[in-house]
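Accompanying notes for the structure given below.
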Amino acid sequence: MSHGEKKLSSRSIYKGRVVSLRVDEVELSGGGVATREVVGHPGAVSIVALNEAKEVILVRQYRYAVGRELLEIPAGKLEYGEEPLACAIRELEEETGFRATNLQHLCTYFTTPGFSDEIMYLYLATGLNAGTASPQSDENIVVQRLTLRQALHAIETGEIVDAKTIIGLLAVRGRCAVND
């Protein structure tokens, strides 16, 4: 059963470095017209990096939009024309300094489909080799390691509240034996 909507018009409101905003007028499948505000995004990747000790490599950084530091899995925006796997390799090394000998695509999902077209590609990185992180100049990142069990507990206690991190850790939970 399809309840598609037909775009009648579209007006660009804003185009920034990371997102754009447009307002579309749509014809509803049951008749009538509605307005849809859409945040455009080029897409992103997120990486659950798991070392041999079953520790998850996380990053702690201040997120201006929510006014606090968050504990997250490494992630980053796709550059124009960039393949998600290449982005995952780049972002993991930039944010954490780690390189992975194995990167496995776990799933792809829309982050907030009620108002954005952002798509997220989730990877599991294993076979980690330490290197030197090189975050972007506007990123203040602290790398932190937690066992998978500790990271899952951090979801339960509300220390981890970032959606991509919760999705990533829960996706990996079923694939790995969880022990301290």
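The values are calculated or read from the model by the stated rules, or taken from the named source; none is laboratory data. These numbers were taken from a predicted model, which means no experiment stands behind them. Methodologically, a virtual Cβ is constructed for each residue, glycine included, from the backbone with ideal geometry; neighbour enumeration extends over all protein chains shown. For the accessible areas, the whole protein counts, side chains as well, though only heavy atoms, and no ligand, DNA or RNA atoms are used. Shrake-Rupley method; radii C 1.70, N 1.55, O 1.52, S 1.80 Å.
Return the residues of the range 86-117 that are charged (D, E, K, R) and within 21 Å of ILE141 (Cβ to Cβ); say none if nothing qualifies. ARG90, GLU91, GLU93, GLU94, GLU95, ARG99 - these are the residues of the range 86-117 that are charged (D, E, K, R) and within 21 Å of ILE141 (Cβ to Cβ). Tell me whether the range 86-95 contains one or more residues that are closer than 30 Å to GLU5 by Cα and of a type outside the set (A, V, I, L, M, F, W, C). Scanning the range 86-95 turns up no residue that is closer than 30 Å to GLU5 by Cα and of a type outside the set (A, V, I, L, M, F, W, C).
For the range 23-50, taking the residues that are open to solvent by 80 Å² or more (accessible area, probe 1.4 Å) and under 28 Å from the mean Cα position of the chain (by Cα), the one that is nearest to ALA130 (Cα to Cα) is identified as GLU37.
Looking at the range 78-110, which of the residues that are among the charged types (D, E, K, R) and either free of Cβ contacts under 8 Å to residues at least 24 places away in the same chain or touching a Lys or Arg at 6+ places or on another chain (Cβ under 7 Å) (or both) is nearest to ARG60 (Cα to Cα)? The qualifying residue nearest to ARG60 (Cα to Cα) is GLU93.
Among the conditions (1) open to solvent by 80 Å² or more (accessible area, probe 1.4 Å); (2) farther than 26 Å from CYS107 by Cα, GLY67 misses just one, which is (1).
Kindly evaluate ASP117 against the criterion of being in contact with a strand residue (DSSP E or B) (Cβ under 9 Å, 6 or more places away or on another chain) and charged (D, E, K, R). Full working, then the answer.
On the way: in contact with a strand residue (DSSP E or B) (Cβ under 9 Å, 6 or more places away or on another chain): yes; charged (D, E, K, R): yes.
For ASP117, the condition - in contact with a strand residue (DSSP E or B) (Cβ under 9 Å, 6 or more places away or on another chain) and charged (D, E, K, R) - is met.
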